[in-house]
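The values are calculated or read from the model by the stated rules, or taken from the named source; none is laboratory data. Bear in mind that the values here come from a model prediction, so they are computed numbers and not experimental data. Cβ atoms come from the backbone with ideal geometry, glycine included; neighbour counts cover every protein chain shown.
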Amino acid sequence: MKIIVSHDIDHLNWSEHYFQDLFILKLFLRSTLMLLRGQISIKTALSRCNIFADKRINRLNELTEFLRHQEIRSTFFIAFSNGLNLSYSTSKAIEIGEKLIDQNFLVGVHGIEFNHIEKINEEKVKALPILSKQSFAGIRMHYLRSTDKTKDYLSKTLYNYDSTEYCIKNPYLVRPNLWSFPISVMDTYVIERHNHNLDLAKRYTCQLLKKANDCQLKYFVINFHDLYFDDNAYSIYKNWFIWLIDHLKKEGFEFSDFEQALLDLNSNSNNNILC
């Protein structure tokens, strides 16, 4: 089993949310509620909501430095449209995408549209300055949204892979030109499911790894949001991710990426093993 590491870029700077959506208000209310429930400390709550401390929300610099040190070629999914509190511009998306490619990372589309083929194609056209610099075009939907028609639309708009589904399952051909790479584990589902208890999150992650091994998965896909790579605001998420990478390396797992996986899968016709 090989490990594929990926990241969704949902936010870049605080300023993109000032007048375009309710993200800051919702973050304040959610952090206050978590504080009252005893899930986070006052320091953590203040760190998450201090919009004046740093103009950035993203932690791309910190995360990419860690990944380069670990020699992991991650894939970053960047949005080229707006919706659901994702509000940065296409020009910013292209700027970030170019920087990531220059650092030898891969870039996919973080899709907003999932139910209209015309709008899906519009997003892909906006992303072409980045996608054209790579061998394959991939997508993951924001909030993992999809319908029974979404993958057909993605195939018709000539995406090579989609990583939206969340389950322990091998990559499989959806259409002759479209592979699905299910997400095996995602930060928010693990941490929030276990009431922000790191030990429980680690234990559950190990259970997922065991299940994946028992199912003889070829690829185990990790989704970690870059903004969580933060010592003050989201330390439990960051600590979980660092632990996971260290644990996988100690266990001798090999790391891959979507590009290499597609090359391998396309050269082998017997890859539709499900569990």
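Couple of notes before you dig in:
- Being among the aliphatic types (A, V, I, L, M) and surrounded by fewer than 20 Cβ atoms within 10 Å (Cβ to Cβ) is a description that does not apply to Ile139.
- Restricting the first member to the range 52-75 and to residues that are touching a residue at least 12 places away in the same chain (Cβ under 8 Å) and crowded, with 17+ Cβ neighbours inside 10 Å, and the second to residues that are hydroxyl-bearing (Ser, Thr, Tyr) and not in a helix (DSSP H, G or I), the beta-carbon pairs closer than 7 Å and six or more apart or on different chains are Leu67/Ser74; Ser74/Ser6; Thr75/Ser6.
- Matching residues, the range 210-224, being surrounded by fewer than 21 Cβ atoms within 10 Å (Cβ to Cβ), part of a loop (DSSP other than H, G, I, E, B) and either within 15 Å of the chain's Cα centre (by Cα) or not hydrophobic (A, V, I, L, M, F, W, C) (or both): Gln216, Lys218
- In the range 235-275, the qualifying residues are those that are in a loop (DSSP other than H, G, I, E, B) and in contact with an Asp or Glu (Cβ under 9 Å, 6 or more places away or on another chain), and the one that is modelled with the lowest pLDDT is Asn271.
- Output for the range 167-188, where each listed residue is over 12 Å from the mean Cα position of the chain (by Cα) and among the hydroxyl-bearing types (Ser, Thr, Tyr): Tyr172, Ser180
- Strands (runs of 3 or more DSSP E) enclosed by the range 133-184 - at least 1 residues per element that are polar (S, T, N, Q): 178-180
- Number of the condition not met by Ala201 [criteria: (1) crowded, with 17+ Cβ neighbours inside 10 Å; (2) free of Cβ contacts under 8 Å to residues at least 40 places away in the same chain; (3) within 20 Å of Leu67 (Cβ to Cβ)]: (3)
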